[in-house]
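The values are calculated or read from the model by the stated rules, or taken from the named source; none is laboratory data. Bear in mind that the values here come from a model prediction, so they are computed numbers and not experimental data. Ideal geometry is used to build each Cβ from the backbone, glycine not excepted, and the neighbour counts take in all protein chains shown.
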Amino acid sequence: MSQRTPLYEQHLADGAKIVDFSGWDMPLHYGSQVDEHHSVRRAAGVFDVSHMCVVDLRGSGGRALLSRLIANDPGKLRSPGRALYTCMLNDRGGVIDDLIVYYFADDFYRVVVNAGTRDKDVAWLRQHAEALPVEVQERRDLAMLAVQGPRARELAAPRVGVAAEAALALKPFTAAMDGDWMVARTGYTGEDGWELVLPAGEARELWQALLAAGVRPCGLGARDTLRLEAGLNLYGQDMDEEVSPLACGLAWTIAWAPADRDFIGRGALEAERAAGSSPRFVGLLLEDRGVLRAGYPVHTAHGEGIVTSGGFSPTLSRSIGLARLPAGAGEQCEVEIRGRRLAARVVSPPFVRHGEPRIAL
Amino acid sequence: MSEVPLELKYTSDHEWLRLEDDGSVVVGVTDHAQAALGELVFVELPEAGSEVVQGDACAVVESVKAASDVYAPVTGEIMGINENLGDAPEKVNQEPYGDGWLFRMRLADPDALDELLDAEAYQALLDELD
């Protein structure tokens, strides 16, 4: 039985094409995925991301729990409202999930995890929380909307349950909370904007108010092309439990210092780093005509790699992708598409940020 | 509701065929197919002059979502392709039965069209899918 967000009926009323995503009935688009994509790059769009899971860590043991479970260092979270992007690893260094950790108080951290991994994530958190003075609370009573684009904050500010002035004053990667409302200046599109957490019962009113203000409803289709252009990884595609952060472009999220912080997966990561054999995780621009897709083989002078995410970039009108290539692979490669080898160039993501191309075409 | 023009022939793979005055057929994908595929961003067409056998994957339509094969609806020779789709693949979404046509074929067996679905049969197939 598929799960539905509090906005399911609203999506139908808005003309959404509904698809299954990790066991959830979610909007793919509301007519045109490409137009929705452009709306976020040029103005503002809103996504229902209530399928993602908000988990609150209540109690004095939150810091100790995170210190053990995440590869980034929760010690970086010193002022209330700060957010941290990180991976949670297994003892082989593989990625259990990627998540954002918000710090509000020493006895209150909030993490937001992916829909497809929520059950195993919550179980993993609970298992390691058993011996600590911390309670793991799955907040199924909350909804989550992402309002993204250069005009997103301006259009949404009068409609969020946090004082508009305080919300607009938020710096990137920080959040403010008022009651059960949270406004975070985070996102998954490469544009400015907010992720809003609120009581499920208020989601429909907010959604309608945003649409009335001129914010365009956007589905998972546009969410995927926007995040790909922004060079952001998708869990289950660019990384999973068999891939370490070193092999998916997330080395920057590993906090090696302090050296005595013994997070799960640290030993495996150190061994991988010492061996120096990690694959290159790169962006690809297809130089020939065609479309890169996840799973396509990539031929390089140093052996074969694989496209982990691929698609058509509406902003660049070219096909782009993310790929894992053998260590030492150079800047030119060939992607095998239906038996033919097409030229592709290695580029450094993001492909697009704040509405502008960031790579040479 | 998908549009199903009465004068065309159809396949169960959601291609349409239109018989021209010179005996050739123009082939495209149906309105139902373009809607199901989503917005097209790339179309790969067969080479003019190539011989195809009914059921061969002979073209690929790529949408924002995925790549899908287009099968040769009949056996014959590819006489020409819709060159305009190189720069405007969205024509397939906008006018699947018009400017969004894919290729033109010469039939190996002129009677082959009789074995395909007529509009009524294709509509019945769509009704079953709903």
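Filter segment A:321-334 down to residues that are over 30 Å from residue A:38 (Cα atoms) and modelled with pLDDT of 95 or more and give me whichever is surrounded by the fewest Cβ atoms within 10 Å (Cβ to Cβ). Break it down into steps so the answer makes sense when it comes.
Of the residues in segment A:321-334, the ones over 30 Å from residue A:38 (Cα atoms) are A:325-330.
Restricting the remaining residues to those that are modelled with pLDDT of 95 or more gives A:325-326.
Details: A:325: 23, A:326: 15.
Ranking the candidates gives A:326 first.
Enumerate the pairs (first residue in segment B:95-123 and in contact (Cβ under 8 Å) with a residue 12 or more places away in the chain and under 10 Å from residue B:28 (Cα atoms); second residue anywhere and of a type in the set (S, T, N, Q) and outside any loop (DSSP other than H, G, I, E, B)) with beta-carbon separation below 8 Å, excluding pairs fewer than 6 apart on the same chain, so at least 6 apart or on different chains.
Once the first residue is in contact (Cβ under 8 Å) with a residue 12 or more places away in the chain and under 10 Å from residue B:28 (Cα atoms) and sits in segment B:95-123, its partners that are of a type in the set (S, T, N, Q) and outside any loop (DSSP other than H, G, I, E, B) give B:96/B:34; B:99/B:84; B:100/B:34; B:100/B:93; B:100/B:94.
Within segment A:140-164, track down each residue that is of a type in the set (Val, Ile, Thr), part of a loop (DSSP other than H, G, I, E, B) and in contact (Cβ under 8 Å) with a residue 40 or more places away in the chain. Let's see the steps before the verdict.
Narrowing segment A:140-164 to residues of a type in the set (Val, Ile, Thr): A:147, A:160, A:162.
Still in the running and part of a loop (DSSP other than H, G, I, E, B): A:160, A:162.
Of everything in segment A:140-164, just one residue is of a type in the set (Val, Ile, Thr), part of a loop (DSSP other than H, G, I, E, B) and in contact (Cβ under 8 Å) with a residue 40 or more places away in the chain, namely A:160.
One line per residue, one yes/no per condition, for (1) of a type outside the set (A, V, I, L, M); (2) within 15 Å of the chain's Cα centre (by Cα); (3) away from every other protein chain (no Cβ under 14 Å):
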position	(1), (2), (3)
B:6	no, no, yes
B:31	yes, yes, yes
B:65	yes, no, no
B:69	yes, yes, no
B:86	yes, no, no
B:99	yes, yes, yes
B:111	yes, no, yes
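Being assigned to a strand (DSSP E or B) and surrounded by fewer than 23 Cβ atoms within 10 Å (Cβ to Cβ) is the requirement here; does residue A:270 meet it?
Criteria not met by residue A:270.
Which is at pLDDT below 95 and of a type in the set (D, E, K, R), of A:289, A:318? Break it down into steps so the answer makes sense when it comes.
Values: A:318 fails: at pLDDT below 95.
Result of the check over A:289, A:318: A:289.
Find the residue count for segment B:5-32, including only residues that are assigned to a loop (DSSP other than H, G, I, E, B), under 20 Å from residue B:57 (Cα atoms) and not hydroxyl-bearing (Ser, Thr, Tyr).
Adding up the residues that qualify gives 2.
Within segment A:63-73, can one find any residue that is away from chain B (no Cβ under 14 Å) and without any contact (Cβ under 8 Å) to a residue 40 or more places away in the chain?
no
Does any residue of segment A:39-60 turn out to be surrounded by 18 or more Cβ atoms within 10 Å (Cβ to Cβ), under 21 Å from the mean Cα position of the chain (by Cα), more than 19 Å from residue A:143 (Cα to Cα) and not small (Gly, Ala, Ser)?
yes
Hey, among the residues in segment B:53-67 that are surrounded by fewer than 22 Cβ atoms within 10 Å (Cβ to Cβ) and in contact with a Phe, Trp or Tyr (Cβ under 9 Å, 6 or more places away or on another chain), which one's farthest from residue B:112 (Cα to Cα)?
First pass over segment B:53-67, keeping only residues surrounded by fewer than 22 Cβ atoms within 10 Å (Cβ to Cβ): B:53-57, B:60, B:65-67.
With the extra rule that they be in contact with a Phe, Trp or Tyr (Cβ under 9 Å, 6 or more places away or on another chain), the set shrinks to B:54-57, B:60, B:67.
On the way: B:54: 10, B:55: 13, B:56: 15, B:57: 18, B:60: 23, B:67: 28 Å.
Filtering segment B:53-67 for residues that are surrounded by fewer than 22 Cβ atoms within 10 Å (Cβ to Cβ) and in contact with a Phe, Trp or Tyr (Cβ under 9 Å, 6 or more places away or on another chain), the one farthest from residue B:112 (Cα to Cα) comes out as B:67.
Yes/no matrix, rows are residues, columns are (1) more than 21 Å from residue B:117 (Cα to Cα); (2) modelled with pLDDT of 95 or more:
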{"residue": "B:2", "(1), (2)": "no, no"}
{"residue": "B:5", "(1), (2)": "no, yes"}
{"residue": "B:18", "(1), (2)": "no, yes"}
{"residue": "B:29", "(1), (2)": "no, yes"}
{"residue": "B:36", "(1), (2)": "no, no"}
{"residue": "B:62", "(1), (2)": "yes, yes"}
{"residue": "B:74", "(1), (2)": "no, yes"}
{"residue": "B:82", "(1), (2)": "yes, yes"}
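Looking at A:147, A:197, can you tell me which residue is closer than 20 Å to residue A:222 by Cβ, within 19 Å of the chain's Cα centre (by Cα) and among the aliphatic types (A, V, I, L, M)? Let's see the steps before the verdict.
Values: A:197 fails: closer than 20 Å to residue A:222 by Cβ.
So the residue among A:147, A:197 that is closer than 20 Å to residue A:222 by Cβ, within 19 Å of the chain's Cα centre (by Cα) and among the aliphatic types (A, V, I, L, M) is A:147.
Residues that are away from every other protein chain (no Cβ under 14 Å), among the β-branched types (Val, Ile, Thr) and farther than 27 Å from residue A:149 by Cβ: does segment A:318-340 have at least one?
Kept after step one, since they are away from every other protein chain (no Cβ under 14 Å), are these residues of segment A:318-340: A:322-334.
Cutting the leftovers down to among the β-branched types (Val, Ile, Thr) gives us none.
No, segment A:318-340 contains no residue that is away from every other protein chain (no Cβ under 14 Å), among the β-branched types (Val, Ile, Thr) and farther than 27 Å from residue A:149 by Cβ.
Select from segment B:1-16 the residues that are under 25 Å from residue B:86 (Cβ atoms), in contact with a helix residue (DSSP H, G or I) (Cβ under 7 Å, 6 or more places away or on another chain) and surrounded by 22 or more Cβ atoms within 10 Å (Cβ to Cβ) and list them in ascending order.
Listed by number, the list holds a single entry, B:14.
Anything in segment B:8-20 that is more than 9 Å from the chain's Cα centre (by Cα) and under 18 Å from residue B:111 (Cβ atoms)? List them, or say none.
B:8, B:9, B:18, B:19, B:20
If you check A:69, A:28, which single one turns out to be of a type outside the set (Ser, Thr, Tyr) and touching a Leu at 6+ places or on another chain (Cβ under 6 Å)? Working first, answer last.
Working: A:69 fails: touching a Leu at 6+ places or on another chain (Cβ under 6 Å).
Unique residue meeting the criteria: A:28.
Of (1) under 14 Å from the mean Cα position of the chain (by Cα); (2) modelled with pLDDT of 95 or more, residue B:56 satisfies all except one. Which?
Residue B:56 satisfies all of (1) under 14 Å from the mean Cα position of the chain (by Cα); (2) modelled with pLDDT of 95 or more except (2).
Considering each of A:191, A:154, A:138 in turn, give the residue that is at pLDDT 95 or above, under 17 Å from residue A:101 (Cα atoms) and of a type in the set (Asp, Glu). Walk me through it before giving the result.
Values: A:191 fails: under 17 Å from residue A:101 (Cα atoms); A:154 fails: under 17 Å from residue A:101 (Cα atoms).
Among A:191, A:154, A:138, only A:138 is at pLDDT 95 or above, under 17 Å from residue A:101 (Cα atoms) and of a type in the set (Asp, Glu).
Per-residue answers, yes or no, for (1) away from chain A (no Cβ under 14 Å); (2) small (Gly, Ala, Ser); (3) touching a Lys or Arg at 6+ places or on another chain (Cβ under 9 Å):
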site: B:3; (1), (2), (3): yes, no, no
site: B:9; (1), (2), (3): yes, no, yes
site: B:34; (1), (2), (3): no, no, no
site: B:38; (1), (2), (3): no, yes, yes
site: B:47; (1), (2), (3): no, no, no
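Got a number for residues in segment A:250-305 being hydroxyl-bearing (Ser, Thr, Tyr), over 22 Å from residue A:98 (Cβ atoms) and in contact (Cβ under 8 Å) with a residue 40 or more places away in the chain?
Taking segment A:250-305 first, the residues hydroxyl-bearing (Ser, Thr, Tyr) are A:253, A:277-278, A:296, A:300.
This time we only want the ones that are over 22 Å from residue A:98 (Cβ atoms), so: A:277, A:296, A:300.
Remaining after also requiring in contact (Cβ under 8 Å) with a residue 40 or more places away in the chain: A:277, A:296.
Adding up the residues that qualify gives 2.
I'm told residue A:261 meets every condition in (1) closer than 29 Å to residue A:341 by Cα; (2) basic (Lys, Arg); (3) touching an Asp or Glu at 6+ places or on another chain (Cβ under 9 Å) except one. Can you identify the failing condition by its number?
(1)
Filter segment A:1-43 down to the residues that are β-branched (Val, Ile, Thr), touching a residue at least 24 places away in the same chain (Cβ under 8 Å) and under 29 Å from residue B:94 (Cβ atoms), then identify the one that is nearest to the other protein chains (Cβ to nearest Cβ).
Step one: of segment A:1-43, the residues β-branched (Val, Ile, Thr) are A:5, A:18-19, A:34, A:40.
Add one more test, that the residue is touching a residue at least 24 places away in the same chain (Cβ under 8 Å), and what stays is A:5, A:19, A:34, A:40.
From what is left, the residues that are under 29 Å from residue B:94 (Cβ atoms) are A:19, A:34, A:40.
Numbers: A:19: 9, A:34: 5, A:40: 14 Å.
Among those that are β-branched (Val, Ile, Thr), touching a residue at least 24 places away in the same chain (Cβ under 8 Å) and under 29 Å from residue B:94 (Cβ atoms), it is A:34.
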